[in-house]
Each structure stands twice: as structure tokens, then as C-alpha cells.
1. Once you place label points 7 Å from the Cα toward the Cβ at GLU153 and GLN83, how far apart are they in nm?
2. What net charge do the residues around ALA42 carry, taking every other residue with its C-beta under 11 Å from that of ALA42, with Lys and Arg at +1 and Asp and Glu at -1?
3. Which of the chymotrypsin sites (Phe, Trp or Tyr not before Pro) found in the range 130-206 are in a DSSP loop and have at most 12 neighbouring Cβ atoms, other than their own, within 10 Å?
4. Which lysines does LYS186 reach when only Cα atoms under 28 Å apart count, and residues fewer than 8 places away in its own chain are ignored?
Amino acid sequence: PDGTVAMEADRFTFDKTAFTLDKSSGLVTGEVVFADKPKVTAGLAMSILDVTPYMIAAGAADGARGGGGGGGGNAPIDFSGLQAFDADLNLKADSIVADDIKIGPAALTVALAGGKLNASLTEMALYSGTGRGALAVDGAAAKPSVAASFQLERIDAQPFLTIGFGRIAGRGNFTFELSAAGRNEKVLIGSLAGRGSMNVQNGAILGIDIPRMLQGLSVDTLLGWRPGNDRTNFDQVAASF
């Protein structure tokens, strides 16, 4: 690899070392200290971070375990990997790709110690807006837990909501707070709790003209809703769940 790499008795250091892993590439500077529990300290500057191959692999593994039916599997989730080493990572990426989701410049810090992982997404460009978020995983507790929160601001609502419902256009703010605890998928899914909200302004509901539909209510009742190129403009749509 390009860059400076050095090996000592108790550590491995690297400075501006180029690397490529699957579809991801970038430069890394840091060290691995060998002890009873190894510790990795590193800063990564990446041109692209593509996590799609790992999402696909995780989905295939879930299917192999029979946990893809929506209820989750009873096989215990192994959190021991979080206790195998400690880490302090600082990552910046020009772009992050997760299947169909494309994220612009992003900054992420990750701290792993004693089986507890805390990740903070301090900067993210997404669908012409910005965002930040946090993820915490406690793999050392008797009942392991996962918690996540995201705040997205001035997001282009239509491509973002295409994941579930792509008929709302406009600029919006979205928040999500989720938590779950348990040692297997079924218990984690059953314990899932949290809240979310959305607030979209100066936009439109695509495919339907509600005022025109109400004016012709008797005809539309017989013919049914026929999605087309119509739209219903609005000043604000807000919801929470």
C-alpha cells in the first residue's frame, strides 16, 4: 500500500496509507496497540464508503437462519465481537452508498470500549438537506440494547419518502428516536419503541387533486381514485408517530 507503515513489538502504525476494501477506498492514519485487549485508533479519509455488500450479506445470513419472516429468529445474537477490542475512530467520507440511498459528505466518530459502542454522525448531506444522528449499542449488559436517533433538516421529501410513500413533495424536517433490547431478533423486534415526526412545507401531494375530487365526488366514488399527474398543493403537512 501507499503511505508509511511500521511494526513495533507492541504496535502497528500507519500514516496516510491507501486502502481499498470491496467498493470502498481511502486513506487511513492511526495505530493498533497490542495488549490483553487490542485498541485501534485511526482517522479515515474516504472518497467513497459503500456498505451495500455488507447489507446484502447480512440479509442473506438472516434468510439462512430463517429470520426473514418479519417476526425475527430465536437464535441468540452474538455481541461478543464488541468486547474483543477497543477502538477510537474518526471517519470522513465524500460519499456513502447504502443500496439505493446516496449520502454526500459525511463525518462519523466511533468509540468502542468495554463492549459498548457509541457512534455519532456529526455531518451528513442527504437529499439536498443535512442531517446528524447517533447510535449506541451496549453489548456488555445482561440484556444488550440498541438505541438510535436521527435529525434530518430541509430534506427533499419525495426521493426520501420513496422508500415507503413517494407521493409527498416539498422540503421537510424528520426526526426518529428508536430503542430496543434483547438477546435475539424476536425479542429485539418485540421491544422496539420510540417516536418520530415529519414536517413538510410548501409542497404537494402528487397524483391526486383533492379539491377537484371533492367537486366531482359522486363520479369519483363510482370510478374510484385514479392516480395521475394531478397534484394537491399545501403550505404544511405535519405528522408524528
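No value in this document is a laboratory result; all are computed from the given coordinates. What you see is a predicted model; the values in this text were computed from it and never measured. Because the Cβ atoms are built from the backbone with ideal geometry, glycine has one as well, and the counts that use them run over all protein chains shown.
1. For GLU153 paired with GLN83, the spin-label model returns 4.0 nm.
2. Here the count lands on -2.
3. PHE165
4. LYS116, LYS143
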